[in-house]
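What follows is one structure encoded as structure tokens, with my remarks underneath.
The values are calculated or read from the model by the stated rules, or taken from the named source; none is laboratory data. Please read all numbers here as calculations on a predicted model, not as lab measurements. Glycine gets a Cβ as well: all are built from the backbone with ideal geometry, and neighbour counts include every protein chain shown. All accessible areas refer to the heavy atoms of the entire protein, side chains included, with ligands and DNA or RNA removed. Shrake-Rupley method; radii C 1.70, N 1.55, O 1.52, S 1.80 Å.
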Amino acid sequence: MCGAKSKSLAFTGLLLNCLEMIFSANTGFSVSLYDVTSQSISLRWPKFSGASSYRVTATDVNTVGHSLLAHFSDVTLKATLTSLIPNTVYAIQAEAIDKNGIILAETQIMQSTAPDIPVIDQAYSKLSNSITVEWRAVPGATSYMLTAQDGDSFIETVVKNSPGTVTGLKPATLYRITIRSINSGGKSQPSPFRKAKTVLAAPILSVSSPSCDSIALSWKAVYMAAGFSVSLMRSDGLGRMLRENTTNTSLIFTNLDPGTLYTIKAYAWNANGMPGDDFTYNQKTSPNAPADVKVAFNSGALRVSWMPTEGALTYTVTASSGLLKLKCNTSSSSCMVPSLQCSSEYYVSVTAYNDAGSSKPTDAVSLKTIPCAPVNISIEEDELGHLLVSWSSVSFGHYYVVFVKSDDGLEVHCNTSYTQCHFQSDCGFTYFISVFAYNKAGQSPLGDVFNYTTAPCCPSDFRAVFVSSDTVRVTWAPVRGADLYETRAAAWSTVVLCNDTAPACTLSALQCNTRYHITVHSFSEARGSNTSCAPTHVATAPCCPNDLILTQVTQSVTNISWSAGKGAQTYVTTLESPKGQAKCRTLQNYCLLGCITCGTNYTVSLKAISETGLTSSCTYQGYSSSACCPSGVKLYRLNNNGIRVFWRASDETMNYSTDLHGSKGNFTCTPSAGRSHCDITEIPCGDVYTVVVAPLTDKGPKLTFCPKKIYSVTCSGSSVGMVIYRGKSNAEHI
């Protein structure tokens, strides 16, 4: 018995391994399956040639003698074997038989029936999109197919065991639920249906925090809902839960903690009070407004600080001034708002933000910024040695400080609530001036730095020295700030100017014997002239004579005469050369100078001296004394009636003229240059001759003051005899 059982089990295992395998004695005939249930197997086969009928036999491989036999005509090519045992393996043989009952072909397959039909214990819905089904397990079933049908539409789901859930359903909808068991052979018939309705859908909340202590909720109407239940609790578990039931589609919770995360749950219920799906949402309340806001002005920027507020993620500082709004965003508890405008009043508020929204702005705090730099600054010397600095009034400026720094490094300042300041100033300095306005916020920014250069100082140590009757040399000590000096000499309508960068000037072409007002003005490029300098009174001396005449009287004596010089009482005349000097002092307007060297160039000067001792040095054109007269003049007799005049030349390059004057005639002889004798032919004898040899020049008449010698020329027969020297003439001109 045990052996037979083991054999049967081994055979069953073989059969199970060969399920749906087709055994055919004739490869031209086969069968195939097209449906299997718990108690039926459906087959089909092709028409076999010569067959008049077909026979199908199903044999339970585990039970001896339990077979099912069915016959079919030749026009029937498919069949369903029923009344089979669920979850049982059958050997199915199909035979093609001719009209004589002879088997033409046969084939065999192994096939298991599906498990038994399950029975639903209960079907219910916990979620709006699903129904859960419970049933008792069916032997041999490896899985189950759940079907939810709504009219013509259905949804199927395969699960392993009970309970199973069909998903993807519509909320608040009645479904017919069936179940089928499945094994490797196929699926059972559907179980008797059960009706189940999905619960209501959850309300989809729109949540916001309109204020720091409230949360507002709203939702759309839910299909088949009779009412709604909403609960709210702090997410950290602190505090108590708040619950509200309502038939409306909006709700607001108040008296909540600011900046706190809350968990919200909401569901709808139907007319029977059955709750639907719930909707869970986390929502923060918006933060409370920050407290203890402090503002300060620092280096052109606004620094705002505050106490952090619960639940705030970021903060926005808003500084408003008229239409201008400046903002600063931060996650800390302080913020710098840059680029504030000067002389402005800002109203500063702080708003806290988190995911829920914003707090109310804090009460605005007023802040007045530093004043703007003063403008329209003017600088002037309202009087000598005093600077007046003035400017326009500045909005929100409480007082002003003016800093004045001179170019030597010294700095002074003035504090005032007015719009002007007075400072002492010195001549010739450049002052750098800046004006600041102040209020409680601090100092205004640096505006324009102005420089003001005072007029240069007046020259000191003034000295005036006469160079000549019409020329004064003026000197002074250099003064601070002067780039140029103008020396001005004024007398009546006559003005003489001299400009120079040096601290000295020579005024020429002055009117002699005149009282002048001489003023030296100092100039600078930055400020111009210092017109406050006092003049100095200087009288010029006397006038130089306009005309001066020199006449050579003898070879060593010259006469000088001149026109009267206005204002002059005494004159000193001087002829000067490298060979010596001749000087004469006189109260007259002429003078006779001796010791003059012939053939010499002299400089001629005259000093006109007034009664008070003022002296004018007058210079004139140079004077050249006449050429020197030759010496050693002698006469020699020539052959026949000729005479030779011989002399020693003072200058070998000089030309000389020889004149012989007698009662019987006058004779002149001019030899060529370089010769020291001259011949006169055919001179009458028996006469006394005056002989003069004088140098010839191209500058004037022949000299008349050379020595005159007297010679007697005797006759020897009709010819010249002896030449006898008689001495010098006494009729020489002096």
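Just to confirm, what accessible area per residue do you get for region 628-734 at 1.4 Å probe, in whole Å²? All intermediate terms of the calculation are to be shown ahead of the outcome.
On the way: 6010 Å² over 107 residues.
I get 56 Å² per residue for region 628-734.
Any idea how far the Cα center of region 403-462 sits from the one of region 264-289, in Å?
Going from one Cα centre to the other spans 76 Å.
R0 = 25 Å: FRET efficiency of Asp461 with Ser532, Cβ-based, nearest 0.05?
The value I calculate is 0.90.
Whole number in Å², please: accessible area per residue of region 451-517, 1.4 Å probe, ligands, DNA and RNA not counted.
Numbers: 3400 Å² over 67 residues.
For region 451-517, the solvent-accessible area averages 51 Å² per residue.
What dipole magnitude, in Debye to the nearest 20, does the chain give about its Cα centre under +1 on Lys/Arg Cβ and -1 on Asp/Glu Cβ?
1000 debye
Rounded to the nearest 0.05, what FRET efficiency do Lys325 and Asp121 give with R0 = 56 Å and r taken as the Cβ-Cβ distance? Could you check?
0.20
How large, in percent, is the carbon and sulfur part of the accessible surface of the chain at a probe radius of 1.4 Å?
51 percent
Using alpha-carbon positions, what is the distance between the centroids of region 32-76 and region 573-637, in Å?
Comparing the Cα centres of region 32-76 and region 573-637, I get a distance of 180 Å.
With the cut-off at 18 Å, report for region 374-483 the share of all Cα pairs above it, as a whole percent.
So the portion of pairs separated by more than 18 Å is 57 percent.
What number, in nm² with one decimal, is the all-direction average of the projected area of the convex hull of the alpha-carbon atoms of region 673-722?
If you wrap the Cα atoms of region 673-722 in a convex hull and average its projections, you get 4.6 nm².
Would you mind calculating the gained length between Lys634 and Thr430 on full extension (0.36 nm times residue separation, minus the Cα-Cα distance), in nm to one decimal?
Fully extending the segment from Lys634 to Thr430 adds 64.6 nm.
Restricting everything to alpha-carbon atoms, can you work out Rg to Rh for region 631-713 with a Kirkwood hydrodynamic radius?
0.95
Can you check how the C-alpha radius of gyration of region 120-197 compares to 2.2 N^0.38 Å, as a plain ratio?
Relative to the 2.2 N^0.38 Å estimate, region 120-197 comes out at 1.02.
Between Rg and the Kirkwood Rh of region 155-200, both from Cα atoms, what is the Rg to Rh ratio?
Ratio of gyration radius to Kirkwood radius for region 155-200: 1.00.
For Cα Rg over 2.2 N^0.38 Å, one of [x] 1.21; [y] 2.79; [z] 1.85 was computed from the structure I shared and the rest are decoys. Which label?
[y]
Taking the 0 to 90 degree range and rounding to the nearest ten, how far is the long axis of helix 2-17 tilted relative to the main principal axis of the chain, both from C-alpha atoms?
The helix 2-17 is inclined about 40 degrees to the chain.
Report, in deg cm²/dmol and to the nearest 500, the calculated mean residue ellipticity at 222 nm for the chain, where each DSSP H run with n ≥ 4 adds -39500 (n - 2.57) and the sum is divided by the residue count.
Only helices count here, giving -500 deg cm²/dmol.
When the label point is put 7 Å from the Cα of Asp382 along its Cα-to-beta-carbon vector, which residues of region 396-437 have a backbone N closer than 12 Å?
The answer is 419-424.
Between Phe450 and Thr597, 0.36 nm times their residue separation minus their Cα-Cα distance comes to what?
45.6 nm
Lys and Arg at +1, Asp and Glu at -1: add these up for the other residues within a Cβ distance under 13 Å of Ala172 and post the number.
Surrounding charge for Ala172 is 0.
Skip the ligands, DNA and RNA, and give the accessible area per residue of region 120-197 with a 1.4 Å probe, whole Å². Mind showing how you got there, number by number?
Working: 3990 Å² over 78 residues.
Result: 51 Å² of accessible area for each residue.
Assuming R0 = 25 Å, what is the FRET efficiency of Ser719 and Thr668, from their Cβ-Cβ distance, to the nearest 0.05?
Working: r = 22 Å, r/R0 = 0.88.
FRET efficiency, Ser719 to Thr668: 0.70.
Would you kindly derive the ³J(HN,Hα) couplings of region 533-548 from the backbone phi angles with the Karplus curve 6.51 cos²θ - 1.76 cosθ + 1.60 (θ = phi - 60°), listing them in order in whole Hz, with x for Gly and Pro?
Residue by residue, region 533-548 yields 6, 7, x, 10, 9, 10, 9, 7, 8, x, 7, 6, x, 6, 10, 9 Hz.
Per the Kirkwood formula on distinct C-alpha pairs, the Rh of region 42-93 is how many angstrom?
Working: mean 1/r = 0.0833 Å⁻¹.
About 12.0 Å for region 42-93.
Antiparallel versus total DSSP beta bridges in the chain: what percent is that, nearest 5?
100 percent
Give me the Debye-computed log₁₀ of I(q)/I(0) at q = 0.09, 0.13, 0.14, 0.16 Å⁻¹ for region 273-431, equal point scatterers on Cα only, no solvent, two decimals.
-0.51, -0.74, -0.79, -0.89
When the distances between all Cα atoms of region 597-638 are binned every 10 Å from zero, what whole-number percent does each bin get?
22, 25, 21, 16, 9, 6, 2
Hey, got the dipole for region 375-454? About the Cα centre, +1 on K and R Cβ, -1 on D and E Cβ, debye to the nearest 20?
In debye, rounded to 20, region 375-454 gives about 480.
Along the Cα-to-C-beta direction of Asp363, a point sits 7 Å from the Cα; which residues of region 306-349 have their amide N less than 14 Å from that point?
Counting backbone N atoms under 14 Å from the label point, the list is 348-349.
How many nm separate the modelled label positions at Ala226 and Ser395, each set 7 Å beyond the Cα in the direction of the Cβ?
Computed distance between label sites Ala226 and Ser395 equals 7.0 nm.
Using 0.36 nm per residue of separation minus the Cα-Cα distance, give me the extension gain between Glu486 and Gln621 in nm, one decimal.
45.4 nm
Work out from phi, with θ = phi - 60° and the Karplus expression 6.51 cos²θ - 1.76 cosθ + 1.60, the ³J(HN,Hα) of each residue of region 393-399, listed in order in whole Hz, and give x for Gly and Pro.
5, 10, 4, 6, x, 8, 7
So what J values fall out for region 37-46 if you push phi through Karplus, 6.51 cos²θ - 1.76 cosθ + 1.60 with θ = phi - 60°, rounded to Hz, Gly and Pro as x?
Going residue by residue, I get 10, 5, 10, 8, 9, 9, 10, 8, 8, x Hz, with x marking Gly and Pro.
To the nearest µm²/s, what D does Stokes-Einstein give for region 187-271 at 10 °C and 1.306 mPa s, using the Kirkwood radius over alpha carbon pairs as Rh? Write out the running numbers ahead of the final one.
Working: Rh = 14.9 Å.
Calculated translational D: 107 µm²/s.
Would you mind counting up the charge near Thr430? Only other residues with Cβ under 14 Å from its Cβ, with Lys and Arg at +1 and Asp and Glu at -1.
Working: positive: Lys405, Arg480, Arg527; negative: Glu381, Asp407, Asp408, Glu411, Asp426, Asp483, Glu525.
After counting each charged neighbour, the total is -4.
Determine, at each q value in 0.22 (inverse angstroms), the log₁₀ of I(q)/I(0) that the Debye formula gives when each Cα of region 504-594 is one equal point scatterer.
-1.10
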